[in-house]
1. Considering each of K38, K123 in turn, give the residue that is within 15 Å of the ligand (Cβ to nearest atom) and out of contact with any helix residue (DSSP H, G or I) (no Cβ under 7 Å at 6 or more places or on another chain).
2. Filter segment 107-148 down to the residues that are among the small types (G, A, S) and without any contact (Cβ under 8 Å) to a residue 40 or more places away in the chain, then identify the one that is farthest from F57 (Cα to Cα).
3. Quick one: in segment 128-157, of everything that is hydrophobic (A, V, I, L, M, F, W, C) and not in a loop (DSSP other than H, G, I, E, B), which residue is surrounded by the most Cβ atoms within 10 Å (Cβ to Cβ)?
4. Taking segment 115-143, which residues are touching an Asp or Glu at 6+ places or on another chain (Cβ under 7 Å) and among the acidic types (D, E)?
5. Where residues in segment 1-20 are surrounded by 13 or more Cβ atoms within 10 Å (Cβ to Cβ) and assigned to a loop (DSSP other than H, G, I, E, B), which of them is modelled with the lowest pLDDT?
6. Would you point out which residue out of L92, L61 is part of a strand (DSSP E or B), in contact with a strand residue (DSSP E or B) (Cβ under 9 Å, 6 or more places away or on another chain) and at pLDDT 90 or above?
7. Scan (1) under 30 Å from P158 (Cβ atoms); (2) of a type outside the set (S, T, N, Q); (3) surrounded by fewer than 16 Cβ atoms within 10 Å (Cβ to Cβ) for the single condition G101 breaks and write down its number.
Amino acid sequence: MNPKSEFEKAVYEGEFRTLIDQETLRRRVVEMGRQITKDYGGMQPIIIGVLNGAFLFMADLIRHIELDLEVDFIKISSYGDEKISSGKVMMLKDINAEIQGRHILVVEDIVDTGLSIQFLREKFSRLAPASLRFATLLYKKQNVRVEVQLDYVGFEIPDEFVIGYGLDYKQILRNLPAVFVMD
Ligand code: IMP
């Protein structure tokens with residue numbers, strides 16, 4: 001077989017090393033959903049997903065949060081199409097929800113340098129929510145360049161470039177069902 005796409009390579013040649021398999025992801029997402037359900041008991045939070053990377057994680061996570069929640073999305077970019085962060089965060093799409101006085105939980109796919117989280121905290125804090133928390137599926141703790149406060153972390157991972165389960169390389173490979181390391 002002579003794979004024509006990165007996707008085929010991943011699937012047929014096992015070229016990407018599995019970091020977190022589907023079952024491990026599923027179990028941790030269920031646990032996080034339960035914890036959030038407990039912590040926000042009686043509230044109607046707005047869950048804000050950070051596009052594009054967080055869409056898969058968020059879709060799975062909210063199905064394990066047993067609350068009357070609302071959802072919204074913001075789209076930011078810090079990477080461009082490369083593997084190294086550009087260091088600059090740009091907002092590409094803003095939220096529509098009114099967040100003043102509301103309980104806000106921001107859902108990220110991965111925290112790397114921490115610059116995106118810092119940008120989002122500053123932006124949302126200015127809008128005076130009742131509370132502001134952050135959840136991330138993956139956390140590259142040793143890469144963080146600024147102080148970040150995370151309330152829910154799925155997995156701490158080493159400083160390796162990962163793809164799949166929403167995370168991309170040059171906009172592709174988001175649809176792989178687990179998290180792989182791309183060497
Ligand atoms: P930060 O601002 O450096 O913390 O980076 C956050 C964003 O960079 C994430 O939301 C991802 O979109 C992207 N990112 C960081 N590390 C990776 C990776 O290993 N694979 C794919 N995207 C990544």
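The values are calculated or read from the model by the stated rules, or taken from the named source; none is laboratory data. Source: prediction; values computed, not measured. Cβ: placed from backbone, ideal geometry, glycine included. Neighbour counts: every protein chain shown.
1. K123
2. A128
3. Once the filter is applied, the top-ranked residue is L137.
4. Passing the criteria: none in range.
5. Here the residue is P3.
6. L92
7. Unmet condition: (1).
One line per residue, one yes/no per condition, for (1) among the polar types (S, T, N, Q); (2) within 12 Å of the ligand (Cβ to nearest atom); (3) on the phi > 0 side of the Ramachandran plot:
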{"residue": "I62", "(1), (2), (3)": "no, no, no"}
{"residue": "L67", "(1), (2), (3)": "no, no, no"}
{"residue": "K75", "(1), (2), (3)": "no, yes, no"}
{"residue": "S78", "(1), (2), (3)": "yes, yes, no"}
{"residue": "Q100", "(1), (2), (3)": "yes, no, no"}
{"residue": "V107", "(1), (2), (3)": "no, yes, no"}
{"residue": "V146", "(1), (2), (3)": "no, yes, no"}
{"residue": "V153", "(1), (2), (3)": "no, no, no"}
